[in-house]
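The following block contains the structure, expressed as structure tokens.
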């Protein structure tokens, strides 16, 4: 806007009205048409930038507050400012949105305009030149974009500029920006006066910029579906499917359990039992299920050295610590405890490690159970790495009651924890397994799966277990798939009978039996809380107890 001294006060007021009339026809908004106002005379002053106002009312207020500069007429200087400052990202300019400059002047420029106007047009600025009263037509044509009949206007007086505004609106707003500008909308473009809007095809929505690009609407990810088990997404629509062992009902949403024992080649030697989405094999009394999960066999009796590491940190809480002790005693009840049979040691840890009793202290189940009930809760931190070091170097030493490795009696370490270790576990978790100790990791509550996996022996999936609730820790028994017996030993030791590891299998079997009562009261709760990676045999065992 030219505010040189030649523009009289009442004429400038008419110019204000012209600007407001033009703005009132535009679709104003940060995501629609943005408007900035610059006045110039011998100097240039920005009244408000493209990013200053998002509503017409605020722009009208800004226009009404303009105070004319009332000096010379440096139109070229104004064009350079608009090109280099007003149309910048810092001032609110957007890429790929048309840049339009409307210059209103009443006189001949006092500086060069042709070169700077050509430079602005080359940079993509479309220039409309509006001359009033004494304006120079040659200067207007030097500024404006071609064709001149659409971009150059001369009004005889300021009194007529309001009427001219209607004609100019048709020129400025009658352009279909979807056709005139380069394509920017990914799918559909809708023109509006002085602006455009991008639309998306069905099943799609505009991305965060709200302008040009579209994204497919994934109803499954957004949770906008009612599939019971599996949701399969297509743009804007979804379909449902079921997990293995289930079939889709007629409503195409819910699933029904299939009797897998009657529909698949289960391979069970004795009996197949169907569960929700799975099945398991069982053996007759007096026989044990073998490692293949299908065949049945018998083994002679054998023993183990078992050390339990229980987390006594403050996050466990007293009532949950009592549940852990109850579980330990249920396990002890299921074992053939004696000096020559199975030996049990117990270690509690928090910020420090304490041996509650070593492997050689008690020789009957009653003695061990009594000692367990007397264990005091330590509280404080969670130094699992320190506990693993203690187990390896002390608990499984011969001085603590561990039998010599040459006797081939399996050594088992069972770690209970409810949270992330405050020290490093890597070194001694690795060393324990290298020393031949079969490691099981049990996580409860906030325990970290990565640490559980690092502690557990291979195959990891059969040696770690996680549950969100202390009342469900008894289900660890079904996860103890003791199948780590080597068929050959090192050196001159003769080949072992695979059944020599029956102690491990027997431990699993007896523990399952003794924990049925403890688990039964929590069975329904537990079924909704099992970790997604829980071995299917755990689910099988739970269903067996529940029935």
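Restricting the range 425-446 to residues that are surrounded by fewer than 14 Cβ atoms within 10 Å (Cβ to Cβ) and under 30 Å from the mean Cα position of the chain (by Cα), which is farthest from residue 393 (Cα to Cα)?
446
Looking only at the range 447-466, decide whether some residue is more than 27 Å from the chain's Cα centre (by Cα), in a helix (DSSP H, G or I) and assigned by TED's automatic domain parsing to the domain that holds residue 350.
Checked against the condition, which is being more than 27 Å from the chain's Cα centre (by Cα), in a helix (DSSP H, G or I) and assigned by TED's automatic domain parsing to the domain that holds residue 350, the range 447-466 yields at least one hit.
Regarding the range 467-478, can at least one residue be identified that is at negative phi, modelled with pLDDT of 85 or more and touching a helix residue (DSSP H, G or I) at 6+ places or on another chain (Cβ under 7 Å)?
Checked the range 467-478: no residue is at negative phi, modelled with pLDDT of 85 or more and touching a helix residue (DSSP H, G or I) at 6+ places or on another chain (Cβ under 7 Å).
Evaluate the range 427-437: report whether one residue or more is assigned by TED's automatic domain parsing to the domain that holds residue 341, farther than 21 Å from residue 325 by Cα, touching a residue at least 60 places away in the same chain (Cβ under 8 Å) and not in a helix (DSSP H, G or I).
No; the residues of the range 427-437 include none that is assigned by TED's automatic domain parsing to the domain that holds residue 341, farther than 21 Å from residue 325 by Cα, touching a residue at least 60 places away in the same chain (Cβ under 8 Å) and not in a helix (DSSP H, G or I).
Continuing with this model, one more query. Out of the residues in the range 1-48 that are in contact (Cβ under 8 Å) with a residue 60 or more places away in the chain and assigned to a strand (DSSP E or B), state the one that is farthest from the chain's Cα centre (by Cα).
The selected residue is 2.
Something else now. Could you please let me know if residue 223 is at pLDDT 80 or above and either in contact with a helix residue (DSSP H, G or I) (Cβ under 8 Å, 6 or more places away or on another chain) or not assigned by TED's automatic domain parsing to the domain that holds residue 83 (or both)?
yes
Filter the range 49-81 for residues that are within 22 Å of residue 20 (Cβ to Cβ), without any contact (Cβ under 8 Å) to a residue 40 or more places away in the chain and buried (at least 20 other Cβ atoms within 10 Å of the Cβ) and give the result.
Matches in the range 49-81: 53, 59.
Another question about this same structure. Is it the case that residue 231 is under 21 Å from the mean Cα position of the chain (by Cα), crowded, with 17+ Cβ neighbours inside 10 Å and closer than 29 Å to residue 198 by Cβ?
In short, yes.
The values are calculated or read from the model by the stated rules, or taken from the named source; none is laboratory data. Since this is a predicted model, take the numbers as computed values, not measurements. So basically every Cβ, Gly included, is an ideal-geometry build from the backbone, and we count neighbours across all protein chains shown.
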